[in-house]
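The next block holds one structure in the form of structure tokens; read it before the comments.
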């Protein structure tokens, strides 16, 4: 009969089958693949969050350790000869879980100290016999040119969460964590130490800040003691888009009024978060 109902077989196709149909046209370039993914979103086979993750995974092979590393000047380190009393305030204030251990200078990274390794010493109250060298673990070293997709694979294989980045002369250029790499794929990962939902600005270092794009300009001005105009836009995200002249992608950077703005998380419609540095 001409009006027979569609078979249940078509309705029962898995999402893998649907994706397979999308790729039947055999995209040959990244642009072709992007077009296919956009069609998948339009047909509601994947949502925009999934698209953002896929795009992040595609872009990560184009980035290097130098592109996302924390510069050496902003590294939070501990001295090899530090006492337990010296370390505790430092660790509590930073709220980090891993710390490079250095010798005479930042270029002499001896290992990595995990905050959790201090707990047994605290419970045993072995303050007098404490030595950082007894607890530090070997450090994982990578060149600035290391591609992020390769770095992520090595993080997984070696079960490391932090790598020391060295420059072409063998000096320490900065550090990168597995979270930094994952954030390039899925966007900013916030934990209990990150900015609260009702807060717009969080200090990272003395000169670097995490800022939500929805931060009202008057609140940005009050925090940084600036005088950015709010005549055309209500939020800092609007000003940043105007400065770019287009909708920026993740990791794009622009500067104005003495600040550098790096896009941390964005999709095709809006900016979500920024890393702001004082110039």
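The one condition from (1) in contact with a helix residue (DSSP H, G or I) (Cβ under 8 Å, 6 or more places away or on another chain); (2) within 27 Å of residue 119 (Cβ to Cβ) that residue 159 does not meet is (1). Please work out if residue 173 is in contact (Cβ under 8 Å) with a residue 60 or more places away in the chain, under 24 Å from the mean Cα position of the chain (by Cα), outside the structural domain of residue 205 (by TED's automatic domain parsing) and on the phi > 0 side of the Ramachandran plot. Against the criterion (in contact (Cβ under 8 Å) with a residue 60 or more places away in the chain, under 24 Å from the mean Cα position of the chain (by Cα), outside the structural domain of residue 205 (by TED's automatic domain parsing) and on the phi > 0 side of the Ramachandran plot), residue 173 does not qualify.
Between 181, 186, the distinction of being modelled with pLDDT of 85 or more and surrounded by 13 or more Cβ atoms within 10 Å (Cβ to Cβ) belongs to 181 only.
What about residue 151, is it touching a helix residue (DSSP H, G or I) at 6+ places or on another chain (Cβ under 8 Å) and not in a loop (DSSP other than H, G, I, E, B)? Answer is yes for this residue. Could you check the range 109-135 and list, in sequence order, the residues that are farther than 13 Å from residue 162 by Cα and modelled with pLDDT of 90 or more? Of everything in the range 109-135, just one residue is farther than 13 Å from residue 162 by Cα and modelled with pLDDT of 90 or more, namely 110. Exactly one residue out of 251, 160 is at pLDDT below 85 and under 29 Å from residue 100 (Cα atoms): that is 251. Among the residues of the range 142-157, those identified as under 22 Å from residue 102 (Cα atoms) and touching a residue at least 60 places away in the same chain (Cβ under 8 Å) are 142, 143, 144.
Screening the candidates 196, 206, 218 for the property of being loosely packed, with under 15 Cβ neighbours inside 10 Å, over 13 Å from the mean Cα position of the chain (by Cα) and modelled with pLDDT of 90 or more yields one hit, 218.
The values are calculated or read from the model by the stated rules, or taken from the named source; none is laboratory data. These numbers come from a predicted model, not from an experiment. Virtual Cβ from ideal backbone geometry, glycine too; neighbours counted across all protein chains shown.
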